[in-house]
1. If I filter the stretch 75-85 for residues that are in contact with a helix residue (DSSP H, G or I) (Cβ under 9 Å, 6 or more places away or on another chain) and part of a helix (DSSP H, G or I), do I get at least one hit?
2. Could you run through the stretch 178-203 and say how many residues are assigned to a loop (DSSP other than H, G, I, E, B), surrounded by 13 or more Cβ atoms within 10 Å (Cβ to Cβ) and touching a helix residue (DSSP H, G or I) at 6+ places or on another chain (Cβ under 9 Å)?
3. Determine, yes or no, whether residue 89 is part of a helix (DSSP H, G or I) and assigned by TED's automatic domain parsing to the domain that holds residue 136.
4. State yes or no: is residue 150 closer than 30 Å to residue 99 by Cα and modelled with pLDDT of 90 or more?
5. Residue 285: at pLDDT below 80, surrounded by 15 or more Cβ atoms within 10 Å (Cβ to Cβ) and farther than 30 Å from residue 207 by Cα, yes or no?
6. Go through 78, 86, 43, 92 for me and flag whichever is within 15 Å of residue 174 (Cα to Cα) and either more than 19 Å from the chain's Cα centre (by Cα) or at pLDDT 85 or above (or both).
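The values are calculated or read from the model by the stated rules, or taken from the named source; none is laboratory data. Worth saying up front: this structure is predicted, and the values here are computed from it rather than measured. Counting neighbours? That spans all protein chains shown, and the Cβs are built from the backbone with ideal geometry, glycine included.
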């Protein structure tokens, strides 16, 4: 008797809004020509709907067609699941298959190495008397290639950083998952349920953003109406903007406003501010050292130490430099200060 499995959930999810099949109603012979003419006219004036239609039925007029374009408009929007638990389970399954084949091969080797067995040359692949052994080795090769390839792909996937909370919020806002009315969702509620798995998400093409740029993005500086336009991409620079533009309805719509930042300009601003701060730290310390009495060398060394530590923290945290690069920059900075200290002494 086969086991009876209970229901997986209290109700079976159903895909809403079934679309009628084009073959549900067969057109009459008399209406074929007129229907063809009407179809060509409809196609010629597409899109034949407006913003109000999109607000009422985004699942019809937007759906995956617009969602895909919106995801492609910025590399940080394309977020998917990494399926970490499933990846590990498949990997363990592949490992177990290889272990079973390994045990089978070991059993063959032991069987043909016993005294009771006629002399067999186990040191040759070409004259192996056991036809099953070469076939088993070939199967093992296929399994190991699949296993090694899976490990390499899995390691690359797991090495990708998790998406930033702001990027996840952008996708969630577009999907409108906070709206309790499913008719206001452009993507089916069940199929959009991947985005709440925040610990299992991965950005397909992550951006390398420094800590200081994150501070700039969260600051009010880039939200000032006048300055905001300077650091946002123009509508003409965004492909298919007419399709993916925000649809507002008294500040409430199924798509909340998306801000496409101009990465080059924001990076230049971040680099400019960091450069000014670094130059100020160098010049300011020179004035500080000049004002300290020459008979107080320990005070000068203390000032240099403080500035060096602050400089290292700024380089390591406020930029995308690695620790080694930050140490190299700090060493150069310290060398300049020590030269000035010697000259001033």
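1. Within the stretch 75-85 (the criterion being in contact with a helix residue (DSSP H, G or I) (Cβ under 9 Å, 6 or more places away or on another chain) and part of a helix (DSSP H, G or I)), the answer is yes, since at least one residue qualifies.
2. Final tally of qualifying residues: 8.
3. Against the criterion (part of a helix (DSSP H, G or I) and assigned by TED's automatic domain parsing to the domain that holds residue 136), residue 89 qualifies.
4. Yes.
5. yes
6. 78
Yes/no matrix, rows are residues, columns are (1) touching a helix residue (DSSP H, G or I) at 6+ places or on another chain (Cβ under 6 Å); (2) in contact (Cβ under 8 Å) with a residue 24 or more places away in the chain; (3) more than 30 Å from residue 169 (Cβ to Cβ); (4) outside any helix (DSSP H, G or I):
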| residue | (1), (2), (3), (4) |
| --- | --- |
| 96 | no, no, yes, no |
| 115 | no, no, yes, yes |
| 124 | no, no, yes, yes |
| 140 | yes, yes, yes, no |
